[in-house]
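Below is one structure, written out as structure tokens; comments come after it.
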């Protein structure tokens, strides 16, 4: 499978409201823990648990952990309620259980209570005492507003179209890219370099002043890095760069993201060769960005990126990414099983990971 590389970054104002509506292949089911089966079609069943910011957890305690340096909030029984990593804006909060499936292409079922959100500031030791964090945590702990995972699954196969107040279709089934007019050259059946503004079909001006112009043939398309930029940037509002070289924020390509100073490197890049495979991936946390070396033709460049979801019901570590073979975002088996453990295609080509 080929990679995802250059084009430009993201950020346009969009008003997000309700949870996902029904569709046919991807499943994102919000459910209570005792509900065991995920349906074969995409649906979101809202089952509020009635918890507030304290959620009946009793006494809450903060703990500092290392590798990476982070703060963990536990309830009175010692269960983790939230995790915040020094230098990162990504937070993992515990909330109602959800099931993510893609029955058209895989038997994988990810059942998780993890909700991944972006904080307005990077975490630092003692931030739990600061007012910005208290306000943010009160709003989002146990909230069922769309998080990073819910957003990511709004671009899967047959996901319904969603429009913002300006009539722009900001969600719905996404392609990887247009068919290569030159045919399948070197296995490149579909073109890369489709970014979030190509998917949206609207021009976008970055903070640097650079203006990204969508290409008509790339409408409703996003390559792997374009998918990550859509989810974290355009939707979750993480700052985006117009390229890999100018400004601060999330760069345009998988290689640029992996090698940038943005975020926290939880699995440092040791090299792109076979000996660059990490010895352990246990440090991964839901929401982490993953970087792969798939294509020998790209030299030293990392050429694929995805978002770590956690473990499935069989104990495998699963991720979602936009791929050429699946023609869009997937957790399925087309182009290689979406597992990071074992010795499969993606497991053997993983090279680094970052927490934004």
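Across region 119-181, the mean sequence separation of Cα contacts (distance under 8 Å, 6 or more residues apart), normalised by length, yields a relative contact order of 20 percent. Its alpha carbons give region 293-356 an Rg and a Dmax of 11.7, 36 Å.
Spin-label model, residue 296/residue 270: points 7 Å from Cα along the beta carbon direction are separated by 2.2 nm.
Let me have the relative contact order for region 81-146, percent, based on Cα pairs under 8 Å that are six or more residues apart. Each step should come with its number before you reach the end.
Numbers: 88 pairs, mean separation 22.7, N = 66.
Answer for region 81-146 is 34 percent.
Which of 266, 283, 228 has the fewest other C-beta atoms within 10 Å, and how do the rest follow up to the most?
Details: 266 22, 283 13, 228 29.
Sorted ascending by nearby Cβ count, the order is 283, 266, 228.
Residues 253, 262 in ascending order of nearby Cβ atoms (within 10 Å, fewest first): 262, 253. Cβ crowding within 10 Å ranks 267, 179 as 179, 267, fewest other Cβ atoms first. A crude spin-label estimate for the pair residue 139 and residue 207, with each label 7 Å from Cα along the Cβ direction, gives 1.8 nm. The stretch between residue 64 and residue 161, if pulled fully straight at 0.36 nm per residue, gains 30.7 nm over its current Cα-Cα span. Principal axis extents of the Cα atoms in region 73-167, from largest to smallest and rounded to whole angstrom, are 45, 39, 21. Using the alpha carbons alone, the radius of gyration of region 63-123 stands to its Kirkwood radius in an Rg to Rh ratio of 1.09. Counting every pair of alpha carbons in region 161-285, the share spaced more than 17 Å apart comes to 64 percent.
Peptide packing for 301-310, 333-342, 125-134 was compared via the average number of neighbouring C-beta atoms within 10 Å per residue; ordered from the highest value, the list is 301-310, 333-342, 125-134.
Annotation: for a label point projected 7 angstrom from Cα along Cα→Cβ of residue 113, residues of region 81-97 with backbone N closer than 12 Å are 81-82, 93-97. Derived from the Cα gyration tensor, the three semi-axes of the equivalent ellipsoid of region 207-263 are 18, 13, 11 Å, largest first.
When the Kirkwood radius is taken over all Cα pairs of region 218-342, what Stokes-Einstein diffusion coefficient follows at 37 °C and 0.692 mPa s, in µm²/s? Provide the component values of the computation, followed by the final result.
Values: Rh = 15.1 Å.
D, rounded to a whole number, is 217 µm²/s.
Largest first and in whole Å, what are the equivalent-ellipsoid semi-axes of region 171-228 based on the Cα gyration tensor, each being the root of 5 times an eigenvalue? Show your work: numbers first, answer last.
Details: eigenvalues 95, 29, 20 Å².
Semi-axes, largest first: 22, 12, 10 Å.
Taken along the Cα-to-beta-carbon direction at a fixed 7 Å, the label points for residue 261 and residue 277 span 3.3 nm.
Bear in mind that the values in this text are calculations on the coordinates, not laboratory data. Nothing here was measured: the structure is a model prediction, and the numbers come from that model. Positions of Cβ are generated from backbone atoms using ideal geometry, with glycine treated the same way; all protein chains shown enter the neighbour counts.
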